[in-house]
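See below for the structure under consideration.
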Amino acid sequence: MAPFGARAREHTGGIIDLSQGTPVDATPEFIQQELKSAANSPGYPLTIGTPELRSAMRNWATNVLGASGEFDVLPTIGSKELVAWLPTILEAKTVLYPRIAYPTYLVGSMIHQSTNIAVDIDAKSWPKSDLAWINSPSNPTGRVHSESELEAVIGYAREHNTVIASDECYINFPATGPKPISILKVAAGSNKNLLAVHSMSKRSNLAGYRAGLIAGDPDLIAEIREVRKHAGMLTPLPIQRAMTAALGDEEHVAIQAARYANRRKALSSALIAAGFQIDFSNAGLYIWCTRNEDCWNSVSWLADIGILATPGVFYGEAGAQHIRIAMTATDAQIADAAARIMKSL
Ligand SMILES: Cc1ncc(COP(=O)(O)O)c(C=O)c1O
């Protein structure tokens, strides 16, 4: 990426970096205040979270995700950390992950030296495993699992007694097509072996705080909690306080979702005019598109007009003709990027 970044930086208007999914919009003020108010924090934080945070996580899982039946919750220090360490914590010998995916699923299986297998969406085609990752809405494709696809995943979990980790960190940002749904909603109260993995990073522009949570099968969460009591990765108390406030408010999430939807619209029409075909991209933070050429050619074309995009091959060989464009730039930068694309035609 470095040479393309250097070329993009030479553009007279400066670089517009759309290669990273790192939020740029401000952390809402009321969340910042909660963090500050907990600055005096001499004792160790609770692994399981404060009673207030536990109740906020439970309410959120019930009201927003649609979880029901018996389930438990646990705060995590970011969700990348959980993704990377889950195969180790669960001693998973075989790990499945999506063929086009966030690279940490693979890296987590490598840390534990698990056998790892890239799989397609349809769970009916999956081999037996100990842990299977799904990611809807997907990074990088923005694809959303349908209810029947999630039912097939739950069926697979029942048949093979496999743990399903459903990474749903972009669920708050629907765009076009079917609304993303949590695996816990589809499970309708039968949560055995199911874990929904969530992050506050994108939902609340909180990536710098490192905050996330898991919700699901109480036995599974008890197992993870016991390891975590000794392995650490405790969520710091000021972060727990900030999370509690953030989970209690959906208004700031709706405002952020509208920002991403507007940016998606502005960029999509310019990309289509430039001959790109947009695939999936039904939710989340990214536009996944192709000009049916090697992804590096598309990256190079955009670098010439000062825009940095990510080559799809970073997410698996199946992405070698796609690029991922993140909407994590200011409205002004996104408008500028769209204008640069249109001007170059
Ligand atoms: C699919 C997916 N899962 C997990 C994460 C990790 O997010 P965080 O560690 O900020 O919670 C990311 C970050 O980009 C992601 O794209």
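Points to keep in mind about this one:
- Filter on LYS80/LYS185; LYS128/LYS229; LYS192/LYS265; LYS202/LYS229; LYS80/LYS128; LYS36/LYS93 - keep pairs with C-alpha separation over 32 Å: LYS192/LYS265; LYS36/LYS93
- Taking amide H as placed 1.01 Å from N in the peptide plane, VAL119 has its amide H under 5 Å from the amide H of TYR97, ARG99, each at least 5 places away in sequence or on another chain.
- Whether the stretch 117-169 is rounded, prolate or oblate, judged on the alpha carbon gyration tensor where a/c under 1.5 counts as rounded: prolate
- Per-bin percent of Cα-Cα distances, the stretch 201-260 [5 Å]: 4, 15, 21, 21, 18, 12, 6, 3, 0
- Inverting the pair-averaged 1/r between distinct Cα atoms of the stretch 68-144 gives 13.2 Å as its Kirkwood hydrodynamic radius.
- The slack between SER190 and ASP25, meaning 0.36 nm per residue of separation minus the straight C-alpha distance, is 55.7 nm.
- For the chain, the mean projected area of the C-alpha convex hull, equal to one quarter of the hull surface, is 16.9 nm².
- Taking label positions 7 Å along the Cα-Cβ direction at both ASN161 and GLN113, the computed distance is 2.5 nm, reported to one decimal.
- Placing +1 on the Cβ of every Lys and Arg and -1 on the Cβ of every Asp and Glu, with nothing else charged, gives the stretch 29-248 a dipole about its Cα centre of roughly 400 debye.
- The phi-based Karplus calculation (6.51 cos²θ - 1.76 cosθ + 1.60; θ = phi - 60°) puts the 3J(HN,Hα) values of the stretch 185-194 at 5, 5, 5, 6, x, 9, 9, 3, 6, 10 Hz, whole numbers, x for Gly and Pro.
- Were the residues from ALA39 through MET233 laid out at 0.36 nm apart, the gain over their Cα-Cα distance would be 68.0 nm.
- Debye log10 I(q)/I(0) at q = 0.09, 0.19, 0.23 Å⁻¹ for the stretch 27-156, Cα point scatterers: -0.36, -1.24, -1.39
- Cβ-based exposure ranking for ARG158, ARG203, ARG259, in which fewest neighbours within 10 Å come first: ARG158, ARG259, ARG203
- Over 23 Å [Cα-Cα, the stretch 195-345], rounded percent: 50
Every number here is computed from the coordinates shown, using simple stated rules; none is lab data. Here the structure is a predicted model, which is why all the values come from computation and not from measurement. Please note: Cβ atoms are built from the backbone with ideal geometry, for glycine as well, and neighbour counts cover all protein chains shown.
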